[in-house]
Amino acid sequence: MTDEARWWQRTTIYQVYPRSFADSDGDGIGDLRGVIDRLPVLAELGVGTVWLSPFFASPQEDFGYDISDYTAVAPEYGDVETVRELIEVAHGLGLRVVFDLVMNHTSDQHPWFVESASSRDNPKADWYLWHDGRGRPGRDGRTRRPNNWKAPLDLTSAWQWSPVRRQWFLASFLPFQPDLNWRNPEVREAVFGAARQWLGMGVDGFRLDVFGWIMKDEAFRSNPFRPKLGGGDIVRLWRRDFTENTPDNVRLAKDLRAVVDEFAPPERVLIGEVFGSPDEVHEYLGDDDGLSLTFAFDLLEYRYSARYFRDLIARYEANYAAPRLPAYVLENHDRSRTIDRVGGDEGKARLLATMLLTLRGVPTIYQGQEIATSNTYLPLAGALDPMGRTFLPWMPEWVSRRIAERINRDEVRTPMQWDASRNAGFSTAERTWLPVNPEYPRRNVAAQREDPDSTWRLFQTLIGLRRALPELHDGTLRLLDAGRDVVAYERAHVADDGTIARVVVVLNFGAAPLTWAQAGEVLVASGPGVASTATTTTVPASTGVVLRPV
Ligand code: NOJ
């Protein structure tokens, strides 16, 4: 394991969704022993960091993002000793390990909330965001909600009524995930204490769940009504001035940094799930005293066009000047698989992988992305994902079929496709917790490891190149002038002795072959047919190439 101080700037992150990664005990649910068993394959793929989605004690209504004990492990996944072993085995293989820290909310079954909800004057009465309503109580005793703050999708209020306290509590995500009151010092110490437990055990950092939402406006002001069309996947009706990315929240990043810095070296990484434009969210990095990285989520909302990506890269470059880095991400456990976004065209998915792994930034890969797994269509009606169940249970099937991919996150959480055996080698159970994607006999890790032209091998080659070449893991990025359908950039690095190393990445988003006016050694090509003459390089349609210019 390399112990260089800023290891995380050069790493490639691989996201494991433990429930769907590997099931070692045949109960149809993935577990931590399953992850341990498969770590060597991740080391072989070449990634540097494994981020595990939550495996803590939880009623699993939001599959672990609803925690009922931050310091314990859900029994179906293992126990604290298994976690210790996982960290040790990972470190032995040269891998770093990042856990998911869910600070905004707990489960409503967390003993803290059960106590808090029991009366207005219990010792934890102020641990969550309780508020009196407005106006006179109605016949059922309810007052009007304190303000207009909304749950995701803007369809319902974020306030939930408690008949016991005759007050409202805030649940910014789903009704069973009450928001903690981070202005209460006891809450901070309790959650920071849990973080310290895992840091002390050797975890290399945290991915921070909905970090942007934690510190809401102290005066509980309503958000301004301002519909926003376009941009993201989902239309927003209200701005989130008083609930997201507030100045107090930016300060919280620094407090958390101070906690993890107690445990350096090696430096621990903090990766924020924060939404917003790059010129807003880069604030979280502070003066190198806040979060280490923030995910560049625009890439989850992309349009497949060269212009879109050129503009996006330019915006991130402008706001994340070195030594800052964006954390680029194309897939995760919440959003559509890449291949479904590009009409099932694996060539296009491979081009995007080439971009992801050669940009100046920290790339994140979601399990299955390395074999171009597709979404598994599952109707909203039978969804296990609480998003679909909570917000859209009435959705008719003909609508659901069109939008399920955006709402029902089950579709991107089906079991990992390891091989062509039963249940894709994920589990020996009769039934797995979610069905296996039917494409698995053709699309699985074992088959792709054997095939030199497979997407798994492309990822392995690109990750290997990124590790090997300082221009890729440490160099500058300069966008190059290119045609309408092309994204091209140069990555350059000046060595201590003054020698400059350069590579050029050319991504042809167009439908026609491109003649690029530069020759070079082809280090990687995402598809067949790339050829260099003495002065030019031919890049076929939907193909990316990494060139060492001559
Ligand atoms: C974001 C996570 O990625 C998602 O899976 C989860 O449901 C919400 N945060 C709530 O914790």
When you check residue 505 against the structure, is it closer than 27 Å to residue 325 by Cβ, touching a strand residue (DSSP E or B) at 6+ places or on another chain (Cβ under 9 Å) and in contact (Cβ under 8 Å) with a residue 60 or more places away in the chain, yes or no?
yes
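What number of residues within region 206-237 satisfy the criterion of being modelled with pLDDT of 90 or more and either open to solvent by 40 Å² or more (accessible area, probe 1.4 Å) or farther than 23 Å from residue 8 by Cβ (or both)? Outline the logic, then answer.
Here is the first cut: in region 206-237, the ones modelled with pLDDT of 90 or more are 206-225.
Applying the additional criterion that residues be either open to solvent by 40 Å² or more (accessible area, probe 1.4 Å) or farther than 23 Å from residue 8 by Cβ (or both) yields 213, 215-225.
Here the count works out to 12.
Here is a yes/no grid of residues against (1) on the phi > 0 side of the Ramachandran plot; (2) part of a helix (DSSP H, G or I); (3) among the hydrophobic types (A, V, I, L, M, F, W, C):
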| position | (1), (2), (3) |
| --- | --- |
| 458 | no, yes, yes |
| 466 | no, yes, no |
| 478 | no, no, no |
| 527 | no, no, no |
So, first residue under 20 Å from residue 343 (Cα atoms) in region 375-388, second residue modelled with pLDDT of 85 or more and more than 16 Å from the ligand (Cβ to nearest atom), Cβ within less than 6 Å, six or more apart or across chains; the pairs are 375/340; 376/437
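Grab the strands (runs of 3 or more DSSP E) fully contained in region 165-252, keeping just those with 1 or more residues being in the same structural domain as residue 95 (by TED's automatic domain parsing) and away from the ligand (no atom under 16 Å from the Cβ). Don't jump to the end; show me each part of the working.
On the way: elements: 167-170, 205-208, 225-228, 236-238.
Because the criterion is at least 1 residues that are in the same structural domain as residue 95 (by TED's automatic domain parsing) and away from the ligand (no atom under 16 Å from the Cβ), the strands (runs of 3 or more DSSP E) in region 165-252 that meet it are 205-208, 225-228, 236-238.
Taking the conditions exactly as written (touching a Gly at 6+ places or on another chain (Cβ under 8 Å), more than 16 Å from the ligand (Cβ to nearest atom) and among the basic types (Lys, Arg)), does residue 443 satisfy them or not? Write out each step before concluding.
On the way: touching a Gly at 6+ places or on another chain (Cβ under 8 Å): no; more than 16 Å from the ligand (Cβ to nearest atom): yes; among the basic types (Lys, Arg): yes.
For residue 443, the condition - touching a Gly at 6+ places or on another chain (Cβ under 8 Å), more than 16 Å from the ligand (Cβ to nearest atom) and among the basic types (Lys, Arg) - is not met.
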If a residue must be in a strand (DSSP E or B) and either open to solvent by 10 Å² or more (accessible area, probe 1.4 Å) or within 13 Å of residue 78 (Cα to Cα) (or both), how many such residues does region 1-54 contain?
0
Would you point out the residue of region 99-114, among those that are open to solvent by less than 60 Å² (accessible area, probe 1.4 Å) and outside any loop (DSSP other than H, G, I, E, B), that is nearest to the ligand (Cβ to nearest atom)?
105
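Would you point out the residue of region 302-314, among those that are touching a residue at least 24 places away in the same chain (Cβ under 8 Å) and crowded, with 16+ Cβ neighbours inside 10 Å, that is nearest to residue 334 (Cα to Cα)? Outline the logic, then answer.
Taking region 302-314 first, the residues touching a residue at least 24 places away in the same chain (Cβ under 8 Å) are 302, 304-307, 309-310, 313-314.
With crowded, with 16+ Cβ neighbours inside 10 Å added as a condition, the list becomes 304, 306, 309-310, 313.
Working: 304: 19, 306: 25, 309: 21, 310: 25, 313: 23 Å.
So the residue we want is 304.
Quick check on my filter: what residues within region 87-98 are away from the ligand (no atom under 16 Å from the Cβ) and crowded, with 23+ Cβ neighbours inside 10 Å?
So in region 87-98, the residues away from the ligand (no atom under 16 Å from the Cβ) come out as 87-97.
Hits for region 87-98 are 90, 96, 97.
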Just one of the numbered conditions (1) more than 23 Å from the chain's Cα centre (by Cα); (2) open to solvent by 10 Å² or more (accessible area, probe 1.4 Å); (3) farther than 19 Å from residue 205 by Cβ is not true of residue 80; which one?
(3)
Number of the exception - residue 160 against (1) within 16 Å of the ligand (Cβ to nearest atom); (2) in contact (Cβ under 8 Å) with a residue 40 or more places away in the chain:
(2)
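Just to be sure before I move on: is residue 325 touching a Lys or Arg at 6+ places or on another chain (Cβ under 8 Å) and more than 16 Å from the ligand (Cβ to nearest atom) in the structure I sent? Talk me through it step by step, then tell me what you get.
Numbers: touching a Lys or Arg at 6+ places or on another chain (Cβ under 8 Å): yes; more than 16 Å from the ligand (Cβ to nearest atom): yes.
So residue 325 fits the description; yes.
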What pairs come out if I take residues in region 428-456 that are in the same structural domain as residue 44 (by TED's automatic domain parsing) and pair them with residues that are basic (Lys, Arg) and surrounded by fewer than 18 Cβ atoms within 10 Å (Cβ to Cβ) whose C-beta lies under 7 Å away, six or more apart or interchain?
448/457; 451/457; 456/449
Flagged pairs (Cβ under 8 angstrom, 6 or more apart or on separate chains; first in region 173-184, under 17 Å from residue 114 (Cα atoms) and open to solvent by less than 10 Å² (accessible area, probe 1.4 Å); second aromatic (Phe, Trp, Tyr) and within 12 Å of the ligand (Cβ to nearest atom)) are 177/65; 179/213
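Could you list, in sequence order, all residues of region 115-132 that are assigned to a helix (DSSP H, G or I) and acidic (Asp, Glu)? Let's see the steps before the verdict.
Step one: list which residues in region 115-132 are assigned to a helix (DSSP H, G or I), which gives 115-116.
The answer is 115, and nothing else.
Residues checked against (1) open to solvent by 40 Å² or more (accessible area, probe 1.4 Å); (2) at pLDDT 95 or above; (3) assigned to a helix (DSSP H, G or I):
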residue	(1), (2), (3)
257	no, yes, yes
298	no, no, yes
336	no, no, no
347	no, yes, yes
What are the pairs, 6+ residues apart or on separate chains, where a residue within region 58-70 that is closer than 16 Å to residue 387 by Cβ has its Cβ under 8 Å from a residue that is more than 12 Å from the ligand (Cβ to nearest atom) and of a type in the set (Gly, Ala, Ser)?
60/74; 64/74
Could you figure out which of (1) open to solvent by less than 10 Å² (accessible area, probe 1.4 Å); (2) assigned to a loop (DSSP other than H, G, I, E, B); (3) among the aliphatic types (A, V, I, L, M) isn't true of residue 547?
(2)
I'm trying to understand the selection: among the residues of region 56-73, which are of a type in the set (Phe, Trp, Tyr), under 17 Å from residue 192 (Cβ atoms) and within 13 Å of the ligand (Cβ to nearest atom)?
56
Looking at 399, 412, can you tell me which residue is β-branched (Val, Ile, Thr) and more than 22 Å from the chain's Cα centre (by Cα)?
399
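The values are calculated or read from the model by the stated rules, or taken from the named source; none is laboratory data. Model, not experiment: these values are computed from the prediction. Neighbour counts are summed over all protein chains in view; Cβ atoms, including those assigned to glycine, are modelled from backbone coordinates with ideal geometry. These area figures cover heavy atoms from the full protein model, side chains too; ligands, DNA and RNA do not enter into them. Shrake-Rupley method; radii C 1.70, N 1.55, O 1.52, S 1.80 Å.
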